[in-house]
Amino acid sequence: MLDALSLLQQRHSAPSRQLSEPGPDAATLRTLLEAAIRVPDHGKLVPFRLISLRGEAKLKFGASLAERAIRRDPDLPESKREKERFRYTFAPLVMVVIARIDHDSGIPEIEQKLCAGNVAYNILQGAYALGFGAQWLTGWAAYDGEVAALLGLAKNECVIGFVHIGTPQADIPDRDRPALDGLLTEWMG
């Protein structure tokens, strides 16, 4: 296992189309998710939950989304229809990270969504640390009311992301990263 700083310096996403079996077994997944939910949580609201998509259920979910995409845009080019049809067929596991917003808590909604976003990021980090590849995707499905209904989301819930997890089938080159010098300033008052 990589040390924490090396993990941060090396982690990169693996395209979901390049992920396949094996995925994490039940014990490994539990360990991963127990680590992933250890996030900053102002107010101790636990403003998140997780849905796992595997096997036939994952394929059924993907087929439903492809049908919805075509209904949304009947002129969708065949290449994009194919992408929608196969989006959920590659990685053996897709974790759906859901934000649960407590509007009565006094904690700003953005902080609650950031908490859930940290869960998604921790899943990426943890998957990489365990030797898996992962990719956090959103796209139209994360913001679609019919998809929310399909997932059984409550009115105060929204999708933060779909984290695809599996074993990369090729070496994934890292992308260019921004230079810190162009991003850091010191406020002098």
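If we scan segment 70-82, do we find a residue that is surrounded by 13 or more Cβ atoms within 10 Å (Cβ to Cβ) and under 19 Å from the mean Cα position of the chain (by Cα)?
Within segment 70-82, not a single residue is surrounded by 13 or more Cβ atoms within 10 Å (Cβ to Cβ) and under 19 Å from the mean Cα position of the chain (by Cα).
If I ask for residues that are assigned to a loop (DSSP other than H, G, I, E, B) and either among the charged types (D, E, K, R) or touching a Phe, Trp or Tyr at 6+ places or on another chain (Cβ under 6 Å) (or both), which ones from segment 22-39 would you list?
Looking only at segment 22-39, we keep the residues that are assigned to a loop (DSSP other than H, G, I, E, B), and these are 22-25, 37-39.
Result: Asp25, Arg38.
Going through Leu137, Leu150, Leu180 one at a time, which residue ends up being among the hydrophobic types (A, V, I, L, M, F, W, C) and in contact with a Gly (Cβ under 9 Å, 6 or more places away or on another chain)?
Working: Leu150 fails: in contact with a Gly (Cβ under 9 Å, 6 or more places away or on another chain); Leu180 fails: in contact with a Gly (Cβ under 9 Å, 6 or more places away or on another chain).
That would be Leu137, the only listed residue that is among the hydrophobic types (A, V, I, L, M, F, W, C) and in contact with a Gly (Cβ under 9 Å, 6 or more places away or on another chain).
Counting just the residues of segment 112-132 that are within 8 Å of the chain's Cα centre (by Cα) and more than 16 Å from Leu19 (Cα to Cα), which one comes out most open to solvent (accessible area, probe 1.4 Å)? Lay out the reasoning, then the answer.
If we filter segment 112-132 for residues that are within 8 Å of the chain's Cα centre (by Cα), which is where we start, we get 120-121, 123-124.
Those left that are additionally more than 16 Å from Leu19 (Cα to Cα): 120-121.
Details: Ala120: 0, Tyr121: 82 Å².
In this case the residue turns out to be Tyr121.
Taking only pairs six or more apart or across chains, which ones have beta-carbon atoms under 7 Å, a first residue in segment 2-23 that is more than 27 Å from Arg54 (Cα to Cα), and a second residue that is open to solvent by less than 50 Å² (accessible area, probe 1.4 Å)?
Leu2/Ala129
Residues of segment 133-171 being outside any strand (DSSP E or B) and crowded, with 18+ Cβ neighbours inside 10 Å, which ones?
Let us first name the residues in segment 133-171 that are outside any strand (DSSP E or B), namely 138-156, 169-171.
If the condition is that a residue be outside any strand (DSSP E or B) and crowded, with 18+ Cβ neighbours inside 10 Å, then Ala141, Val147, Ala148, Leu153 are the ones that fit.
For Val94, which of the numbered conditions (1) open to solvent by 40 Å² or more (accessible area, probe 1.4 Å); (2) assigned to a strand (DSSP E or B); (3) under 26 Å from Ile172 (Cα atoms) fails to hold?
Here Val94 meets the rest and fails (1).
From the list Ser64, Ser52, exactly one residue is polar (S, T, N, Q) and more than 20 Å from Ala127 (Cβ to Cβ). Which is it?
On the way: Ser52 fails: more than 20 Å from Ala127 (Cβ to Cβ).
Among Ser64, Ser52, only Ser64 is polar (S, T, N, Q) and more than 20 Å from Ala127 (Cβ to Cβ).
Within segment 102-134, how many residues are of a type in the set (Phe, Trp, Tyr) and without any contact (Cβ under 8 Å) to a residue 60 or more places away in the chain? Quick ask: steps written out before the conclusion?
The first filter runs over segment 102-134 and keeps only residues of a type in the set (Phe, Trp, Tyr), leaving 121, 128, 132.
When the remaining residues are screened for being without any contact (Cβ under 8 Å) to a residue 60 or more places away in the chain, the result is 121.
Residues that pass the stated criteria total 1.
Scan segment 172-189 for residues that are surrounded by 10 or more Cβ atoms within 10 Å (Cβ to Cβ) and among the basic types (Lys, Arg) and report the count.
Number satisfying all stated conditions: 0.
Among the residues of segment 40-67, which ones are crowded, with 18+ Cβ neighbours inside 10 Å and either assigned to a loop (DSSP other than H, G, I, E, B) or aromatic (Phe, Trp, Tyr) (or both)?
Listed by number, the residues that qualify are Asp41, Pro47, Phe48, Phe61.
Quick check on segment 69-79. Is at least one of its residues in a helix (DSSP H, G or I), basic (Lys, Arg) and out of contact with any strand residue (DSSP E or B) (no Cβ under 6 Å at 6 or more places or on another chain)? Steps first, answer last, please.
In the first step, residues of segment 69-79 are kept if they are in a helix (DSSP H, G or I); the result is 69-72, 78-79.
Filter again for basic (Lys, Arg), leaving 71-72.
Next, only the ones that are out of contact with any strand residue (DSSP E or B) (no Cβ under 6 Å at 6 or more places or on another chain) stay: 71-72.
The answer is yes, given that some residue of segment 69-79 is in a helix (DSSP H, G or I), basic (Lys, Arg) and out of contact with any strand residue (DSSP E or B) (no Cβ under 6 Å at 6 or more places or on another chain).
The values are calculated or read from the model by the stated rules, or taken from the named source; none is laboratory data. In this text, all values refer to a predicted model and were calculated from it rather than measured experimentally. We place every Cβ from the backbone using ideal geometry, glycine too, and count neighbours over all the protein chains shown. Heavy atoms of the whole protein, side chains included, go into the accessibility calculation; ligands, DNA and RNA do not. Shrake-Rupley method; radii C 1.70, N 1.55, O 1.52, S 1.80 Å.
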